[in-house]
1. Please work out the Cα center distance from the stretch 181-215 to the stretch 54-115, rounded to the nearest Å.
2. Residues with beta-carbon under 13 Å from that of E106, excluding E106: net charge, scoring Lys, Arg +1 and Asp, Glu -1?
3. In whole percent, what relative contact order does the chain give with Cα contacts below 8 Å and a gap of six or more residues?
4. State the percent of C-alpha pairs, over all pairs in the stretch 97-189, separated by a distance greater than 19 angstrom.
5. Which aspartates and glutamates, if any, have their Cα less than 18 Å from the Cα of K51, not counting same-chain residues under 8 positions apart?
6. On a 0 to 90° scale, report how tilted helix 40-52 is relative to the longest principal axis of the chain, with both axes built from alpha carbons and the result rounded to the nearest 10.
7. Net charge near I95: determine it from the other residues with C-beta under 9 Å of the C-beta of I95, scoring Lys and Arg +1 and Asp and Glu -1.
8. Restricting things to alpha carbons, find the Rg to Rh ratio for the stretch 64-131 using the Kirkwood radius for Rh.
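Throughout, read-outs are computed from the coordinates displayed, never taken from laboratory work. Please read all numbers here as calculations on a predicted model, not as lab measurements. Quick reminder, even Gly has a Cβ in these numbers, built from the backbone with ideal geometry, and neighbours come from all protein chains shown.
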Amino acid sequence: APAAAPTGPFTLPPLAYPTNAFEPHIDAKTMEIHHGKHHAAYVANLNNVAKTNPQLGTAKIEDVLGNLNALDESVKFAVRNNLGGHANHTMFWEIMGPNGGKPEGEVLAAIDRDLGGMEKFQNEFNAAGGRQFGSGWVFVTVSKDGKLAIETRPNQDNPMMDGKRALMGNDVWEHAYYLNYQNRRADYLKAWWNTVNWAKIAERYAAAKAGTLGV
Ligand code: MN3
């Protein structure tokens with residue numbers, strides 16, 4: 001993968017799978033550009049900001065995003081967009097994987113309890129992602145007591161900005177799907193479920209209940 005330049009405290013997390021792992025649902029070229037160019041750009045921009053604001057590189061991401069108003073006006077916009085983008089994409093690559101299985105155990109029980117079961121959950125998640133006007137994300141947020149909710153955010157905003165945590169989420173920016181799906185966001189949203197790694201989501205659910213879930 002191309003290195004993010006300039007270098008600094010932020011690094012592009014490597015993918016745990018090859019870029020063609022999700023063919024035909026997500027094509028390799030989209031993965032290469034999305035991870036190696038878009039996410040890398042957020043990382044490079046953060047390293048630029050960190051040159052003059054070194055505390056940004058040592059603080060916990062959830063603490064910075066949870067307290068954006070504490071930042072100087074000169075960097076607030078850049079941090080919101082680029083640290084939000086870095087957090088969102090780090091989560092996104094983590095909760096995807098080939099042969100991702102099915103939800104089970106506590107996660108499945110929470111989906112049944114809070115989201116009306118898998119079919120209703122997937123339909124409502126896809127509908128929320130489809131309704132998000134312009135660029136943004138559709139998330140499942142998780143509270144410390146394990147309660148789930150479907151929520152959207154514009155641009156690179158993240159639930160951490162509201163003191164919440166994302167259990168999982170899908171990127172509905174056009175760069176996530178346009179090469180393969182053009183204007184057919186609904187088709188991308190449906191196909192994306194084939195890329196979800198439910199074992200990783202189970203780990204994140206347990207971490208959320210333990211109070212240790214970060215990005
Ligand atoms: Mn993206």
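1. 12
2. Within the 13 Å Cβ shell, the charges total -1.
3. 24 percent.
4. Of the Cα pairs, 44 percent sit more than 19 Å apart.
5. D72, E73
6. Here the helix axis deviates by roughly 30 degrees.
7. Value of the local net charge: +1.
8. Using only Cα positions, Rg/Rh for the stretch 64-131 is 1.13.
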